[in-house]
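Since the structure comes first, as structure tokens, the remarks are kept for the end.
The values are calculated or read from the model by the stated rules, or taken from the named source; none is laboratory data. The model shown is predicted, which means the values in this text are computed figures rather than measured ones. Here the Cβ positions follow ideal geometry from the backbone for every residue, glycine too, while neighbour counts run over all protein chains shown.
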Amino acid sequence: MKKEMDVDDHKLELPDLEAKYSTSITKGLVGAVAAERLLRDGPNELRPPRGTPECVKFGRQLAGGLQCLMWVAAAICLIAYGVQEGQGDRGSADNLYLAIALIAVVVVTGCFGYYQEFKSTNIIASFKNLVPQQATVIREGDKLQINANELVVGDLVEIKGGDRVPADIRIISAQGCKVDNSSLTGESEPQTRSPECTHDSPLETRNIAFFSTMCLEAGPHPDTQASPAGTATGLVINTGDRTIIGRIASLASGVENEKTPIAIEIEHFVDIIAGLAIFFGATFFVVAMVIGYPFLRAMVFFMAIVVAYVPEGLLATVTVCLSLTAKRLARKNCVVKNLEAVETLGSTSVICSDKTGTLTQNRMTVAHLWFDNQIHTADTTEDQSGQSFDQSSETWTLLSRVVTLCNRAQFKAGQENIPVAKREVIGDASETALLKFAEVTVGTVSEARGRFPKVAELPFNSTNKFQLSVHAAGDRQLLVLKGAPERVLERCSTVMIKGQELPLDAQWREAFEGAYADLGGRGERVLGFCARWLPAGTVAAGTDPEALPEVAVGLCFAGLVAMIDPPRATVPRAVLKCRTAGIRVIMVTGDHPITAKAIAAAVGIISEGSETPEDVAARLRVPLEQVDPRQARARVVTGAELAGMEPGVLEGILRAHPEMVFARTSPQQKLVIVESCQRLGAIVAVTGDGVNDSPALKRADIGVAMGIAGSDAAKNAADMILLDDNFASIVTGVEQGRLIFDNLKKSIAYTLTKNIPELTPYLIYITASVPLPLGCITILFIELCTDIFPSVSLAYERAESDIMHLKPRNPRRDRLVNEPLAAYSYFQIGAIQSFAGFTDYFVAMAQEGWWPLLCLGLRPRWEDTHEQELQDSYGQQWTFEQRRYQQYTCYTVFFISIEMCQIADVLIRKTRRLSLLQQGLFRNHILVIAIVFQVSIGCFLCYCPGMPNIFNFMPIRFQWWFVPMPFGLLILIYDEIRKLGVRRHPGSWWDRELYY
Amino acid sequence: MATLNEKKTCSERMENFRRFVWNPETKLFMGRTLINWVWISLYYLAFYVVMTGLFALSIYSLMRTVNPYEPDYQDQLKSPGVTLRPDVYGDRGLQIYYNTSENKTWERLVTTLQTFLTAYTPAAQHLNINCTGDKYFIQDTFDGPNNTKLSCKFTSDMLQNCSGITDPTFGFPEGKPCFIIKMNRIIKFYPGNGTAPRVDCTYVGDESRPLEVDYYPANGTFNLHYFPYYGKKAQPTYSNPLVAVKFLNLTRNVELKIVCKIIGAGITFDNVHDPYEGKVEFKLKIED
């Protein structure tokens, strides 16, 4: 999968190529052959990745661990119903009722889960938009317009500016053709395409244009006779899924979707719960059989224990908590596709970030100028809020004039009211930067150009490496020239310093070299500017551009302008925040190492004072090989170095250097980097925007795609999308992710606690044969109705401490549900709740005539449907139905006890360490509302008419609400004592055993 | 996440589990040192001792507050249940089938009645007093022996033809069987609002169809002096008054559905959820 592309067509000579594809480079394919090949290779389009069938997805939702247990429970209920019905037993409809309720619970939660998954997979349509609509093809010598998906290998196609390249094409002839490969390589610089083979690698060579890349529109040339730029003819060498982009797409779909840490946590914990449920159920099944219950009854006990012990509402709670956080994140410009990704972000320990667009603004901007032998800093902020430089020098007047005039870029019409930085420009990146710079610093460019009409022009080409134009300026002509600084300097004889033209001697040359090296070392692209006044008529209008260089000698050097894609203003703070949060930021880019390093240093990925091995070598003046890598905190690794590395070496490097930058990397290498980090145990977040990033995005624990610059393929592969393309948003995401992990812990602790008071009634019922204190339907009401809202409200709890100053959690050690959490919830708080329930139960029984001692062992006669005159402790006689309503009263009383204790429980779960008073009892308004809601639901269930016969709730006496309250108070006090101990004695036995 | 969910073989899992149970290097038994286990056990022991103590205290104070003579609430006992003797249950409720020519089929029923009535012999009732007034026997004071209240005598001879004294077979062989109707006791329940409640037996669903019945005592009434009931502690010798029903002319070889209701103010027999409240339904089939 991770093999590099094995294309060699770029190295073939044209005749060989013709032979290979049995085509003609002048006439194209024969129609019949094309049709045959279309049949053989299939249409030229990307097949969308094959998804799981919908019914299977839905089926999976119904067949989780807990769901299976519920199915078993429902089946037991149905069997019990069938058997009892066969025996003509009264009251057996309860079992049918319960079976239906259980199935409904499974199906409804299944639908809920399916809906969530459905939503997350359907946010983005797949690779469809990559396919160009029409292509110009030459077949049998005729130029045709056909649908691009009908292209076949060997077809001769024509592309022009503005087209998407319709397939992988070997260029045969080209005029000024440039393509934007940024979606493939991440390089934003337009690439020239020409027929020569310039590189061994098919990705680097100039004579191959790739499927789905854009052929750029050439700039306007109203007054030159240059040939119409931006066209090319080429031979199709690959179509559809066999194109480079297609292979990347299949690479992406071949990468398995990794389970998120939270999914692993939940699975881990569901397994334990399911195991314990079966263990408890089976134990009491055996106990029941030994005590002498009939087989069917024992099975019903098993079922009841499963229902009591399984936290039915838990998965819904987790989903709701996560989607709440997802909503919160969406407001902060992070759209989460996969809910579980919210938490993954919180446990992230490494972020592999793209450079262009994520860390930087993705626009070339003038960063520095060198004139008057001094480096001036230009304002690179997005909103032009920075400091400007001193513009009083006359040199600046000349330089700004050259910058304005020697520039073919221009604004699109009708944008006068838009801020300069946001205006659209026709022209390449550096010219755009210069144009905008001139517009901002000097004033309206078009006006200046109007004052100095262009007489003649020589556009930039790769042989000259400069561009010059001649302008009429009243009675003189002004020749302006810009280009590669060394080429510009060659043509200069003087230099302008503070308005004075001085001869360009060795001293100035040295100053120039120094400034050039300095700016180049900052990863900036440097251009030189010079000018010369000519007498009027030196260059006539319509002069052959090729003759112009002869005139351009003995020029006056004006200055250097250095451009860079500057970092976003918010990024350095965000990177620092990551650092304090223990998250390592690694830059992975397709750009040059020097630029990458400069940006890394600017945003703090390479921190101040950190050195790369090269820096150390330069400082100590020793060869690079002698440098101890441990001396260098930082390291820049290029794709070429990476390709030569043995497996395992990369892990070593990642371990040795905390600050890493990868430059000039290919999509496959990005994948390798991500995997290496993961092998080191890190949870890796990857940001990216291009198609080339999609495999890494998918491989990452959390893939973050850019909303503005991102390609659809990247968005499709990602788990999260940053709407503002801003790295800083990721940090917000990390914060929210950590918070939700903490809060989920609280939520789960809350949810688990009540399973014990739900379970103990059955245990006591079986072993002590008391009338059943709590029914299965009532349990379902606690799990799925009254307790959902409070447990969700814990998701709104604010952080107890500054979570961004902690290390990311260790996914092996810091589990969502750990032993202290389970033990404390089950055996301490749960136990107190059970005692509360039983106290209330015995109170309700005793006050209605059944004293506790009578209750023990009462069950067989109590449940005998033929017993219509059972005597209570006062000698009164009860019919079966009267006892049944008394039993429902017990259910209700037990229910209310659990609810009362759960109110105390939700309050103590607000904090794990801080005192409740430190956290603020009522600061979480949602939680307060949830408690009110819980009590209201309780009241409704108790006192709504008709409830006894529908849901087995009885209108209980008011004072029975108060019986469990002292136990609730006990829970509050006990937990405060626990937290006090935990705070006072960190690391002590108490802390280890009781802090979860 | 390759690092987190690597697949383990079964033997590795077993090895891991064994290591979890006893790790010889760290001396950890099930994840804790032995001394740690002792501490945690002691902690839980203390916790549960305290909790059980609190629970015991709650139950103790509950028992101190409940009234020993009458329950605090009678929320489920709004109307008394009614029972039938002999009580033989079939598939759906009471079902009394017998064959007059086969002694065995009805001897069982007769024995049930005889056993039931042993509690109503004069000897069994000797502690109770004879009551004559046809009104509620209200006792505000404890006039009986050992600080109890008095109970009225109900002896089986009050059931006359169905007492089992004159006819020890209760009319079963003749096809004119006796059934005994009993009303459940409810403390301080005053049935009938001053008029004695009476038993009324009819065919189910066809109340106009005449059913020839003799009631004992006369009119099938429960005399008011048996009410109210003051509870087990106040009236330890209390016995429920009975009404016997003798069916005189029953069609043979047909399953008859009969319902005996107790008619009286404060006694409801139309509770759809409780078939034994204020009435008793049964199926009767006499074969010959």
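Quick notes on this one:
- Reported count of residues in the stretch A:847-856, each being more than 20 Å from A:THR879 (Cβ to Cβ) and either crowded, with 24+ Cβ neighbours inside 10 Å or within 60 Å of the chain's Cα centre (by Cα) (or both), is 2.
- Residues in the stretch A:613-632 that are surrounded by fewer than 17 Cβ atoms within 10 Å (Cβ to Cβ), of a type outside the set (Asp, Glu) and outside any helix (DSSP H, G or I): 3 in all.
- Strands (runs of 3 or more DSSP E) wholly inside the stretch A:398-507 containing at least 3 residues that are surrounded by fewer than 17 Cβ atoms within 10 Å (Cβ to Cβ): A:500-503
- Against the conditions (1) under 30 Å from A:ILE832 (Cα atoms); (2) surrounded by 23 or more Cβ atoms within 10 Å (Cβ to Cβ), A:ALA696 satisfies every one except (1).
So that you can scan it fast, the table gives a plain yes or no per residue for (1) out of contact with any Cys (no Cβ under 9 Å at 6 or more places or on another chain); (2) modelled with pLDDT under 80; (3) among the β-branched types (Val, Ile, Thr); (4) under 30 Å from A:LEU744 (Cβ atoms):
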| site | (1), (2), (3), (4) |
| --- | --- |
| A:SER182 | yes, yes, no, no |
| A:LEU203 | yes, yes, no, no |
| A:ALA232 | no, no, no, no |
| A:ILE237 | yes, no, yes, no |
| A:GLU256 | yes, yes, no, yes |
| A:PHE301 | yes, no, no, no |
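- In the stretch B:20-35, the residues that are assigned to a loop (DSSP other than H, G, I, E, B), within 11 Å of chain A (Cβ to nearest Cβ) and either in contact (Cβ under 8 Å) with a residue 40 or more places away in the chain or not aliphatic (A, V, I, L, M) (or both): B:GLY31
- Within the option set A:LEU671, A:LEU650, being in contact (Cβ under 8 Å) with a residue 40 or more places away in the chain and in a helix (DSSP H, G or I) holds for one residue only, A:LEU671.
- Of all positions in the stretch B:94-106, at least one carries a residue that is surrounded by 13 or more Cβ atoms within 10 Å (Cβ to Cβ), touching a His at 6+ places or on another chain (Cβ under 9 Å) and at the interface with chain A (Cβ under 10 Å from one of its Cβ atoms).
- Subset of the stretch A:270-317 (residues that are among the polar types (S, T, N, Q) and surrounded by fewer than 21 Cβ atoms within 10 Å (Cβ to Cβ)): A:THR283
- Residue in the stretch A:884-893 that is out of contact with any Phe, Trp or Tyr (no Cβ under 8 Å at 6 or more places or on another chain), at pLDDT 95 or above and away from chain B (no Cβ under 13 Å) present: no
- Residue within the stretch A:715-724 that is assigned to a helix (DSSP H, G or I), under 25 Å from the mean Cα position of the chain (by Cα), surrounded by 23 or more Cβ atoms within 10 Å (Cβ to Cβ) and not hydrophobic (A, V, I, L, M, F, W, C) present: yes
- Here the helices (runs of 4 or more DSSP H) wholly within the stretch A:19-112 that include at least 1 residues being touching a Leu at 6+ places or on another chain (Cβ under 8 Å), more than 30 Å from A:ALA232 (Cβ to Cβ) and modelled with pLDDT of 85 or more are A:65-86.
- Test: A:SER936 is away from chain B (no Cβ under 14 Å), modelled with pLDDT of 95 or more and not in a loop (DSSP other than H, G, I, E, B): yes
- Summed over the stretch B:80-93, residues that are facing chain A (nearest Cβ under 7 Å) and outside any loop (DSSP other than H, G, I, E, B) total 3.
- Count of the stretch B:36-47 residues which are more than 7 Å from chain A (Cβ to nearest Cβ) and among the hydroxyl-bearing types (Ser, Thr, Tyr): 2
- Count - residues of the stretch A:850-865 that are assigned to a loop (DSSP other than H, G, I, E, B) and more than 11 Å from chain B (Cβ to nearest Cβ): 4
- B:ASN128 meets all of the listed conditions (1) crowded, with 21+ Cβ neighbours inside 10 Å; (2) away from chain A (no Cβ under 14 Å); (3) more than 18 Å from B:LYS246 (Cβ to Cβ) but one, namely (1).
- Selection within the stretch A:725-755: residues that are small (Gly, Ala, Ser) and more than 30 Å from A:GLN828 (Cβ to Cβ). The member of this set that is surrounded by the fewest Cβ atoms within 10 Å (Cβ to Cβ) is A:ALA728.
- So B:ASP214, is it under 30 Å from B:ASP75 (Cβ atoms), part of a strand (DSSP E or B) and not β-branched (Val, Ile, Thr): no
- Per the listing B:SER101, B:SER156, B:SER163, the residue uniquely of a type in the set (Ser, Thr, Tyr), in contact (Cβ under 8 Å) with a residue 12 or more places away in the chain and farther than 20 Å from B:THR83 by Cβ is B:SER101.
- The single condition among (1) in a loop (DSSP other than H, G, I, E, B); (2) closer than 30 Å to B:ASP274 by Cα; (3) more than 14 Å from every other protein chain (Cβ to nearest Cβ) that B:ARG185 does not meet is (3).
- Here B:GLU212 meets the list (1) under 18 Å from B:ILE263 (Cβ atoms); (2) more than 22 Å from the chain's Cα centre (by Cα) almost entirely, failing just condition (1).
- Contact map, the stretch B:57-79: residues that are within 8 Å of chain A (Cβ to nearest Cβ) paired with residues that are polar (S, T, N, Q), Cβ distance under 6 Å, separation 6+ or inter-chain. Pairs shown: B:SER58/A:THR839; B:ASP72/A:GLN847; B:TYR73/A:GLN847; B:GLN76/A:GLN882; B:GLN76/A:GLN886.
- Screening A:PRO535 against (1) touching a residue at least 60 places away in the same chain (Cβ under 8 Å); (2) at negative phi leaves a single unmet condition, (1).
- Positions within the stretch A:796-849 being at the interface with chain B (Cβ under 9 Å from one of its Cβ atoms) and not in a helix (DSSP H, G or I), in sequence order: A:PRO811, A:ARG812, A:GLU848, A:GLY849
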